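The values are calculated or read from the model by the stated rules, or taken from the named source; none is laboratory data. Just so you know, these numbers come straight off a predicted model, no measurement behind them. So basically every Cβ, Gly included, is an ideal-geometry build from the backbone, and we count neighbours across all protein chains shown. Heads up: the accessible areas ignore ligands, DNA and RNA and are worked out on the full protein's heavy atoms, side chains in. Shrake-Rupley method; radii C 1.70, N 1.55, O 1.52, S 1.80 Å.
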Amino acid sequence: MNDSGVHEVVIVGAGFGGLGMAIRLKQEGIDDFVVLERGDDVGGTWWANSYPGCQCDIPSNLYSFSFAPKHDWETAYPMRDQILEYLRDCARRFDVLRHTRLSCELLGATWVADQQHWELETTGEPLAARVLVVAPGLLSEPWSPELPGLDRFEGKAFHTARWDHGDDLTGKRVALIGSGATAVQAVPAIQPRVGKLHLFQRTPPWVIPHMDHPVRPQLRELYGRVPELQRLSRAAIYALRELMVPGLTRHPRWLKAQELNARLNLRRQVPDPELRRRLTPDYEIGCKRIVLSNDWYPAIQAPNVELVSSGVSEVRERSIVDGDGIEREIDTLVFATGFKPAELPIAERLRGREGRTLAEVWDGSPEAYLGTTASGFPNLFMLYGPNVNLGHNSIVYMLESQINYVSDALRTMRDRGAAEVEVRAAAQDAYNFEIQERLAQSVWNNGGCGSWYFDSNGRNSIQWPGFTFEYRRRTRRFDTPAYRLAPPTRAAGQSSSVGGGGGSAGAAAGVGGAGSVT
Ligand code: NAP
């Protein structure tokens, strides 16, 4: 913190993005930073999602920071508890915990132009930062429908991302709404112990066989002794997954082999043709996230499970009524209804150069330059921002690309004596025009399904439309020409810090503020 109490960097969120950024700052020798985390532990989505069966659908050897391999994953696809333990271990090992304020939520952040810093209101102390990095996660705000009568319900009701572990559901009558990636994991995990499970499915997912298996202790030990072997496995997994990109982004018919795989899986596991019909999607595979499971179809066919496809019309004190008017008594209602990532509350809390919030500027359609910076919001970097999400590969790869980019931005500010960087509106517009043009050819936009990739204006604000190595290349260097760089103002010059050349050197470099460094 400098003499005016301004930190060099404040990071919001301690999931993969925020922790990765914090670790990089330490590696770059920047020690004056604070990580704010609203949860009472690090881990982000892997802390918040503790529902039974929670597992990542990216293989373990790939789903970790490139600089912090873990040789002893227990399963080929990592379970939630192991990922959480990995992230806790990274936070400890790289000495990030000392910088982290847990149970501390960002309530508002305002850019103060003459001081060239962000002022932050939090549930703890107020803070100020030269640079603000927000890493709130994409799937961090659970969403559930406002069902008629829900407020009268006398049983327990909760979302999968806020699982109520006080109720182990043994022998209970449960209604679970949703059949996306979360439901496909949670349903087989709770089915054996519930008394009755009414599964409300609106749209069936495409489900392919899961290749998960325990990793033999000898192999774990070998990875520990010969890390190159695990790196080779990691590279092979990465490359194989990239092969899906042309099918997802341009030529959906190239996904036909996947569709055949899913159809065979359904035929093999569900003998009843009528049930098979109800479980067969009517949209192209890949349009929604492809789901991996060997136990979803068996669970649905268990004697204590009923598949309901007519929707929910009402919730009563002790029951749920379907679209055909049939009433079922229930004790617990579980929402596996996902998230609304295009409406993240943090956008309402960031107020930029012109006094407007990011949510007001976006007006329902999030956009950024390289998914990371937004015009009108100097010194703000978003990790896992708009159009960075993937349908096929590890998001950690994308986050590390963004972290490289932010680090290079900070280095550039220091080298050029800049106290302020802001992406030019023209660069942001051109970038987003390109992204939207490319998405128009994708299976997400044309596959005949609705999904959380679309915002309230019907625009795909979520997906990255190309190979991940293209994104890595485009974020390798901070591309200065796309930005307005400004030296310290007189007021801020006294305390400038991120630009290591800041302080008095920065003040000497130029008065006159915006626009005179580049
Ligand atoms: P989701 O994919 O958005 O699924 C939500 C489900 O709720 C859908 O089946 C949806 O039906 C249903 N739904 C929503 N509103 C409804 C209503 N009013 N009535 C009936 N059904 C309703 O959410 P999610 O399953 O939580 O998954 C979200 C994302 O998290 C995934 O796409 C994935 O990226 C990630 N995830 C990953 C893993 C993994 O790594 N294995 C696991 C879990 C989640 P419609 O399809 O008809 O809208």
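Would you mind finding the one in 393, 387 that is away from the ligand (no atom under 14 Å from the Cβ), assigned to a loop (DSSP other than H, G, I, E, B) and touching a helix residue (DSSP H, G or I) at 6+ places or on another chain (Cβ under 6 Å)?
That would be 387, the only listed residue that is away from the ligand (no atom under 14 Å from the Cβ), assigned to a loop (DSSP other than H, G, I, E, B) and touching a helix residue (DSSP H, G or I) at 6+ places or on another chain (Cβ under 6 Å).
Can you find, within the stretch 77-101, the residue that is farthest from the ligand (Cβ to nearest atom) among those that are within 18 Å of residue 9 (Cβ to Cβ) and open to solvent by 70 Å² or more (accessible area, probe 1.4 Å)?
Restricting to residues being within 18 Å of residue 9 (Cβ to Cβ) and open to solvent by 70 Å² or more (accessible area, probe 1.4 Å), the top hit is 98.
Is it true that residue 438 is open to solvent by 10 Å² or more (accessible area, probe 1.4 Å), touching a strand residue (DSSP E or B) at 6+ places or on another chain (Cβ under 6 Å) and of a type in the set (D, E, K, R)?
no
With the structure loaded, tell me whether residue 217 is over 15 Å from residue 391 (Cα atoms), loosely packed, with under 12 Cβ neighbours inside 10 Å and at pLDDT 95 or above or whether it fails that test.
Criteria met by residue 217.
In the set 188, 281, which member is within 16 Å of the ligand (Cβ to nearest atom) and either surrounded by fewer than 21 Cβ atoms within 10 Å (Cβ to Cβ) or assigned to a loop (DSSP other than H, G, I, E, B) (or both)?
281
Does residue 181 satisfy the criteria of being buried (at least 22 other Cβ atoms within 10 Å of the Cβ), within 28 Å of the chain's Cα centre (by Cα) and within 11 Å of the ligand (Cβ to nearest atom)?
Spelling it out, it is not the case that residue 181 is buried (at least 22 other Cβ atoms within 10 Å of the Cβ), within 28 Å of the chain's Cα centre (by Cα) and within 11 Å of the ligand (Cβ to nearest atom).
If you scan the stretch 101-117, which residues turn out to be assigned to a loop (DSSP other than H, G, I, E, B), within 25 Å of the chain's Cα centre (by Cα) and of a type outside the set (A, V, I, L, M, F, W, C)?
The answer is 103, 105.
How many residues does the stretch 194-212 hold that are touching a Phe, Trp or Tyr at 6+ places or on another chain (Cβ under 9 Å) and in a loop (DSSP other than H, G, I, E, B)?
6
Pick from 62, 19, 25: which is open to solvent by less than 20 Å² (accessible area, probe 1.4 Å), within 16 Å of the ligand (Cβ to nearest atom) and hydrophobic (A, V, I, L, M, F, W, C)?
Only one candidate passes the filter, namely 62.
Return a yes/no flag: does the stretch 344-353 have any residue that is closer than 28 Å to residue 52 by Cβ, open to solvent by 20 Å² or more (accessible area, probe 1.4 Å) and out of contact with any Cys (no Cβ under 8 Å at 6 or more places or on another chain). Outline the logic, then answer.
Of the residues in the stretch 344-353, the ones closer than 28 Å to residue 52 by Cβ are 344-345.
Adding the requirement that they be open to solvent by 20 Å² or more (accessible area, probe 1.4 Å) leaves 344-345.
Filter once more, keeping what is out of contact with any Cys (no Cβ under 8 Å at 6 or more places or on another chain): 344-345.
For the stretch 344-353, residues closer than 28 Å to residue 52 by Cβ, open to solvent by 20 Å² or more (accessible area, probe 1.4 Å) and out of contact with any Cys (no Cβ under 8 Å at 6 or more places or on another chain): present.
Against the condition within 23 Å of residue 401 (Cβ to Cβ), in contact with a helix residue (DSSP H, G or I) (Cβ under 9 Å, 6 or more places away or on another chain), open to solvent by 30 Å² or more (accessible area, probe 1.4 Å) and acidic (Asp, Glu), how does residue 429 come out, does it pass?
no
Since residue 166 meets every condition but one in (1) away from the ligand (no atom under 16 Å from the Cβ); (2) more than 24 Å from residue 386 (Cα to Cα); (3) touching a residue at least 12 places away in the same chain (Cβ under 8 Å), which condition does it not meet?
The one condition residue 166 does not meet is (3).
Any idea which of 87, 120 is assigned to a strand (DSSP E or B) and either over 20 Å from the mean Cα position of the chain (by Cα) or not polar (S, T, N, Q) (or both)?
120
Could you check the stretch 220-260 and list, in sequence order, the residues that are within 20 Å of residue 448 (Cα to Cα), in a helix (DSSP H, G or I) and open to solvent by 50 Å² or more (accessible area, probe 1.4 Å)?
253, 254, 256, 257, 260
Would the stretch 295-313 turn up any residue that is within 15 Å of the ligand (Cβ to nearest atom), open to solvent by less than 10 Å² (accessible area, probe 1.4 Å), more than 22 Å from residue 140 (Cα to Cα) and in a strand (DSSP E or B)?
Yes, the stretch 295-313 contains at least one residue that is within 15 Å of the ligand (Cβ to nearest atom), open to solvent by less than 10 Å² (accessible area, probe 1.4 Å), more than 22 Å from residue 140 (Cα to Cα) and in a strand (DSSP E or B).
Select from the stretch 239-266 the residues that are basic (Lys, Arg) and over 25 Å from residue 77 (Cα atoms) and write down the one among them that is farthest from the ligand (Cβ to nearest atom). It would help to see each step written out before you state the result.
Filtering the stretch 239-266 down to residues basic (Lys, Arg) leaves 241, 250, 253, 256, 263.
Cutting the leftovers down to over 25 Å from residue 77 (Cα atoms) gives us 250, 253.
On the way: 250: 21, 253: 23 Å.
Here the residue is 253.
I'm trying to understand the selection: among the residues of the stretch 137-162, which are assigned to a loop (DSSP other than H, G, I, E, B), within 12 Å of the ligand (Cβ to nearest atom) and in contact (Cβ under 8 Å) with a residue 12 or more places away in the chain?
Once the filter is applied, which keeps residues that are assigned to a loop (DSSP other than H, G, I, E, B), within 12 Å of the ligand (Cβ to nearest atom) and in contact (Cβ under 8 Å) with a residue 12 or more places away in the chain, the stretch 137-162 yields 137, 138, 139, 140, 141, 143, 144, 145, 147, 148.
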